[in-house]
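The values are calculated or read from the model by the stated rules, or taken from the named source; none is laboratory data. Everything numeric here is computed off the predicted structure, so don't read it as measured data. Here the Cβ is made from the backbone with ideal geometry for all residues, glycine too, and neighbour counts use every protein chain on show. Just the protein is used for accessible areas: all its heavy atoms, side chains included, with ligands, DNA and RNA removed. Shrake-Rupley method; radii C 1.70, N 1.55, O 1.52, S 1.80 Å.
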Amino acid sequence: MGFCCTPITSAQLLTRMGLDWLGQPGSPEKVANTFGIVLGIFIAFLVFNFWVPFVGIIFIIYGLVYGTRLRKIMRTKYDVPASCFGDASCYGDAGCWDDCCCTFWCGCCTTIQMARQTHDEEQYPYQCCTSTGLPLNAPSIV
């Protein structure tokens, strides 16, 4: 799922981490809609990208923004150091260059890594059809 439909896995991670559709911490009401909003944006991209070429560029920028924010929040929460570029901030809360580069150059690998970091695969197998990617009986592990 993380390789073929990275935006879906990212939407599940955003929901799991309590973030809104832009990758910012939000109220429970805003977070409850995160998965549906990101899924809707992804479907709109798939439909409109055939007729309007610049939609793909907008979707890439959108994915880069929420992916960078999500990765920065994950690194902060789990105390994971940046690897290549250190912890120098790019622009305010957008994240650091390391998060941005990892998200841009290998977004699917970054998303899979974050999904594995936030739950125990042995105890709670991944569920592709839920808003968090976890079984309904799984506790919030994050």
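Each row is one residue, and each column tells you yes or no for (1) part of a helix (DSSP H, G or I); (2) out of contact with any Leu (no Cβ under 8 Å at 6 or more places or on another chain); (3) under 15 Å from Thr6 (Cβ atoms).
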{"site": "Val31", "(1), (2), (3)": "yes, no, no"}
{"site": "Val38", "(1), (2), (3)": "yes, no, yes"}
{"site": "Ile43", "(1), (2), (3)": "yes, yes, yes"}
{"site": "Val47", "(1), (2), (3)": "yes, yes, no"}
{"site": "Trp51", "(1), (2), (3)": "no, yes, no"}
{"site": "Ile57", "(1), (2), (3)": "yes, yes, no"}
{"site": "Ile60", "(1), (2), (3)": "yes, yes, yes"}
{"site": "Gly67", "(1), (2), (3)": "yes, yes, yes"}
{"site": "Lys72", "(1), (2), (3)": "yes, yes, no"}
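The rows are residues; the columns are (1) over 19 Å from Gly107 (Cβ atoms); (2) open to solvent by less than 40 Å² (accessible area, probe 1.4 Å); (3) in contact with a strand residue (DSSP E or B) (Cβ under 9 Å, 6 or more places away or on another chain); (4) at pLDDT 90 or above.
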{"residue": "Gly36", "(1), (2), (3), (4)": "yes, no, no, yes"}
{"residue": "Ile41", "(1), (2), (3), (4)": "no, no, no, yes"}
{"residue": "Val47", "(1), (2), (3), (4)": "yes, no, no, yes"}
{"residue": "Tyr62", "(1), (2), (3), (4)": "no, yes, no, yes"}
{"residue": "Leu70", "(1), (2), (3), (4)": "no, yes, yes, yes"}
{"residue": "Lys77", "(1), (2), (3), (4)": "yes, no, no, no"}
{"residue": "Ala82", "(1), (2), (3), (4)": "no, yes, yes, no"}
{"residue": "Asp87", "(1), (2), (3), (4)": "yes, no, yes, no"}
{"residue": "Cys90", "(1), (2), (3), (4)": "no, yes, yes, no"}
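For the range 1-12, give me each residue that is in contact (Cβ under 8 Å) with a residue 40 or more places away in the chain and either closer than 18 Å to Ile61 by Cα or of a type in the set (Ser, Thr, Tyr) (or both). Talk me through it step by step, then tell me what you get.
Here is the first cut: in the range 1-12, the residues in contact (Cβ under 8 Å) with a residue 40 or more places away in the chain are 1-3, 6-12.
Selection gives Thr6, Pro7, Ile8, Thr9, Ser10, Ala11.
When you go through (1) buried (at least 21 other Cβ atoms within 10 Å of the Cβ); (2) touching a Pro at 6+ places or on another chain (Cβ under 9 Å) one by one for Gly18, which number turns out not to apply?
So Gly18 meets the others, but not (1).
Of the residues in the range 97-131, how many are buried (at least 20 other Cβ atoms within 10 Å of the Cβ) and basic (Lys, Arg)?
Number satisfying all stated conditions: 0.
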